[in-house]
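Every number in this text was worked out from the coordinates using simple rules, so none of it is lab data. Keep in mind the model is a prediction, meaning the values are calculated, not measured. Note: ideal-geometry Cβ built from the backbone for every residue, glycine included; neighbour counts use all protein chains shown.
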Amino acid sequence: MNKHFFSGVFMLAVGLLLLLLLIPYGIDTPKKIRYAALSPTYYPQIVALILSVIGAAIIFRNRKPLKLKETDEPDAVHPNAQIRIGSFLALLAVYSLSLEFLGFVLSGALALATSLILSGERRAIIIIAMSLLLPISLFLFFFKVAYVPVPNGLLAPFIRWI
């Protein structure tokens, strides 16, 4: 078996652990919810299900050992992989700490821009567009549609007009 097979097994195990144990026992759900999409378990279950399906697909795809041709090389690791992973973990810590002060939109935009740059994206239009559109869209959905309280941070005076 190759390393992709074991990655698939790990993803499937985490997805099933989330679906069967962590979400049902870790998230309190009200008895009556008008719309299923407003349930606190709805989106975590979708993510866990997708993770499980992707893990199963990786297992299925890599169930037999790959036969390398003479011209094929094994998967190479990016030379800066450890630095990128460490930077991304540090970014997640800074994001979680800045969420209350900066608010969801500002901290989300900065974190998304930084993560796009860390992942190798260099096109400014993509970085700017994604960093603005995604956090603003998510904020409007949760704030206006789902009525979920979202940290406003520095933008609180402007958000009351929305």
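Results, tabulated for the structure shown:
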| item | result |
| --- | --- |
| Distance (nanometres) between label positions extended 7 Å along Cα→Cβ at Phe142 and Ile83 | 3.2 nm |
| Low-density loop positions, trypsin sites (Lys or Arg not before Pro), region 121-162 - DSSP coil, at most 15 other Cβ in 10 Å | Arg122, Arg123, Arg160 |
| Where a label projected 7 Å from the Cα of Tyr35 along Cα→Cβ would reach, residues of region 134-159 with amide N under 13 Å | 141-148 |
| At least 18 Å along the helix axis (C-alpha) and Kyte average at least 1.6, DSSP helices within the chain | 42-61, 81-118, 124-140 |
| Candidates per trypsin sites (Lys or Arg not before Pro) in region 1-41, loop by DSSP, up to 10 other Cβ within 10 Å | Lys31, Lys32, Arg34 |
| Among (1) 22, 21, 16; (2) 35, 25, 13; (3) 25, 16, 16, the entry that matches semi-axes √(5λ) of the Cα gyration tensor in Å as calculated here | (2) |
| Spatially proximal lysines relative to Lys64 (Cα-Cα < 30 Å; intrachain offsets below 8 disregarded) | Lys3 |
| Region 42-162 - charge dipole about Cα centre, Lys and Arg +1 at Cβ, Asp and Glu -1, debye rounded to 20 | 260 debye |
| Simple spin-label estimate for Ile46 and Leu17 in nanometres, 7 Å along Cα-Cβ | 2.4 nm |
| Inter-site label distance for Asp28 and Leu118 at 7 Å from Cα along Cβ, in nm | 3.3 nm |
